Structures are given as C-alpha cells and as structure tokens.
Amino acid sequence: MNNRNRESKRLMIRNGLRDGLPIGLGYFAVAFSLGITARGAGVSPLQGWVASILNHASAGEYALYALIGARAAVWEIAAVIFVTNMRYLLMSAALSQRVSPDAGAGKRLVTGFCITDEIFGLAVARPGYVSCTYLWTAFILADLMWAGGTLCGILAGNVLPAEVVIALSVAIYGMFLAIIIPPARKNRVVAGVVTVSFLLSFGADRLLPSLSSGTRTVVLTVVIAAAAALLFPLKDEETGGEQA
Amino acid sequence: MTQNEIWIAILVGAAVSLAVRALPLTLIRKQIRNRFIRSFLYYVPYVTLAVMTFPAMIDAARHPLAGAAALAAGAAAAWLGAGLFPVAIIACVVEYLAGLI
C-alpha cells in the first residue's frame, strides 16, 4: 500500500469516528431503553450485549425481546425479525449501487452486516461510491455504544425515573428526522415523499391497528417509493455513483 | 424461556438479520441501469425513515402533544442544519419539558 492510500485510509477512519460518535451517543440512549425491555423478558446482560452487537436494529430487537418475553416459537421469532428488518433488504439493494464494483464478496458481506438506518443514512449522504473503511469505522463505534447502552439498560434500567426513559426513547426519531429533513429541504420531490409517507403512515396506523408496525413499514415503503419512482424518475445526474 | 432457549432465539434473530442485510448487497454486483429501479431505490430510505418516525414518535411520548412538540422541534432543528446528535438531544429535551405540562 502506498503512502497516499494509507493517508486516505486514515482520513476515512477519522471521518468514520467523527460521524459514528454522534450516532453512537443517540444509540446509547435508545439501546438503554431497549435494555429495560430486555431485562423484563429475562434476558441476561451478556445475552443482551451479544444480541445487540449482532442484531443492532431497534425495531427488530424490540420485537426479539418482546417475543422472548412471550415465549414465542423460534420460527415466529425468525418471521417477525424478517418482517421488521425487511427494510434492510431494500437498503442493502440500494447500497449495492454505492459500493465500488471492485469490492469482493467478503467486503460486501461485512458492509451489509453494518447496515443500520443511520449508517445507511451516512452512506447515502455522500455522493459517489462510499468508502467501506469509513462505514465500518462509524459502524463499529456506533455498534459498541449500542451494545453498551443495552447492557447498561439491563443492569441499571430501573434506576432512572420513567419520564427520563420516555424522553430518551424519542432520541431515535430525532435521528431519523436529522437524516430525512435536510434532503427534503433541498429537493421538493423528497419533501413531498416525506410528507406523503407521514400522512399514509398515520392513516394506516390509526385505521389498520392490527397491521404490525414492521409490516406497515414494508408495505408503505414499497408502495410510496414505487409511486415516486414512476411519477418522478431520477435524472441521470441525480444518481450519485451510478454514472460511468 | 430457559437460558439456552434465549440464546437460540438470539442467534436465530442474528442469522435472519444478517441474511436480510447482506444478501442483496453481496448478490447484486452490477450497476443497475433500469431507471425505475434506480429511482425506487433512491426514494426507499426517505420513505422508510419517515414511516417509522410518524406517528411512532407521537406515541412514544408521554402524551401526544409532547410528542408533537418534540417532532416539530426536531424537524425545525434539522431544517436549520443541526446534525444527528443535536437533533436527537433537542427532541429528548423538548419531550421531557413538554411532558411535564
């Protein structure tokens, strides 16, 4: 590896740490409240830590602990985690276009493991091919803080007053807003897509309460994104890394 | 559940999560030329995150007004260019304060 490569690698690690830290801090707060749920389901601190390192998904893990608490069958757990995490299938497909075609299967597999809503947000926030080193660095830091938050929640969840736990549980939605609002400000179609998503999500939640939040997310994502793609297809210059 | 059953549940969950996250990225090696698919994949993250935020954010709060206040404050801060962590903190603080009312 020549000097320039090493230097750019170091820069990517530094950028990854810079962008991973705020994500990790938010994760810590959210995972803390998740840890409280896990504790209620009888999950040990070590189990919670391992589950968080490997699953690192708020909705998926919440479902996991709820199902463990309800003594669900293994196939049920697999099915519900598949549905709650199905949005990652779409993100993974989207990210396949943003990772350099030179990257081998191993590199792609590891990058796929790193996908979370926020890490994906980091990847799409940059034009062109994304650096795997950058994503991995941000992910490792954020994932350790996520697992640390779960661990602390299991160990000390009942120490915090309920109002504080509730306030912390809003953190993850604040992070989602920070990812979707700036592009919505720049691009009217994205702004429209976000607004329609809010409205339909609200409508589906209130009118079809039997639909789980995971299923609702998957169905609305496919329907709204497909409608937007038909009505407002991208111009070539909007596609980031795709042009040769 | 016994401790062993919990471990099995965790590992099954982890395997499903990994498959969902890694398979498309590993299997789709070529650049997608189809304009519809490219556009679809471009819009996916915005829709997914928006759907997960609302109304869940309102329902997670102590009462709907506190959730709405946190949503408005967080959206305004993000609009003005605040990063991930500041927006998350602002949402938490506003929810806490509005929740006291």
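None of the figures in this text is laboratory data; all of them are computed from the coordinates on show. All values reported here derive from a predicted model rather than from experimental measurement. Cβ: placed from backbone, ideal geometry, glycine included. Neighbour counts: every protein chain shown.
The figures follow:
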read-out	value
Shielding score for B:31-39, defined as the mean number of other chain Cβ atoms within 10 Å	6
Relative intensity, log₁₀ I(q)/I(0), of the stretch A:1-79 from a Debye sum that treats every alpha carbon as a point, q = 0.15 Å⁻¹	-0.63
Around A:Ser58: net Lys/Arg minus Asp/Glu count, Cβ-Cβ under 13 Å	-3
Average other protein chain Cβ within 10 Å of Cβ, residues A:77-88	5
Debye, to nearest 20: dipole size of the protein assembly as shown, +1 on Lys, Arg Cβ, -1 on Asp, Glu Cβ	1000 debye
Residue among A:Asn5, A:Pro182, A:Val170 farthest towards the positive dipole end of the protein assembly as shown, charges placed on Cβ	A:Asn5
At least 24 Å along the helix axis (C-alpha) and Kyte average at least -1.0, DSSP helices within chain B	B:3-27, B:35-53, B:84-100
Under 27 Å, Cα to Cα: Lys pairs in the protein assembly as shown, sequence gap 8 or more or different chains	5
Cα pair distances in chain B, grouped into 10 Å bins until the bin that holds the longest one, percent each	13, 25, 22, 29, 10, 0
Listed residues A:Trp136, A:Thr116, A:Ile68: farthest to the positive end of the dipole of chain A (Cβ charges)	A:Trp136
Theoretical gain in end-to-end length, A:Leu208 to A:Asn5 [0.36 nm per residue, Cα-Cα removed]	67.8 nm
Spin-label pair A:Arg126/B:Phe36, simplified geometry with 7 Å Cα→Cβ offset, distance in nm	3.3 nm
Two-site label geometry, A:Leu160 and A:Arg188: point separation in nm, points 7 Å out along Cα→Cβ	4.2 nm
10 Å binning of all Cα-Cα separations within the stretch A:3-168, expressed as whole percents from 0 upward	11, 35, 33, 17, 5, 0
Residue-averaged beta-carbon neighbours from other chains (10 angstrom radius) around B:70-79	5
Förster radius 51 Å - calculated FRET efficiency between B:Leu11 and B:Ile101 (Cβ-Cβ, nearest 0.05)	0.70
Cβ-derived FRET efficiency at R0 45 Å, A:Ala79 paired with A:Asp102, nearest 0.05	0.80
Estimated translational D of the protein assembly as shown in µm²/s (Stokes, Kirkwood radius over Cα pairs; 10 °C; 1.306 mPa s)	78 µm²/s
Axial C-alpha extent at least 30 Å, average Kyte-Doolittle at least 0.5 - helices from chain A (DSSP)	A:132-156
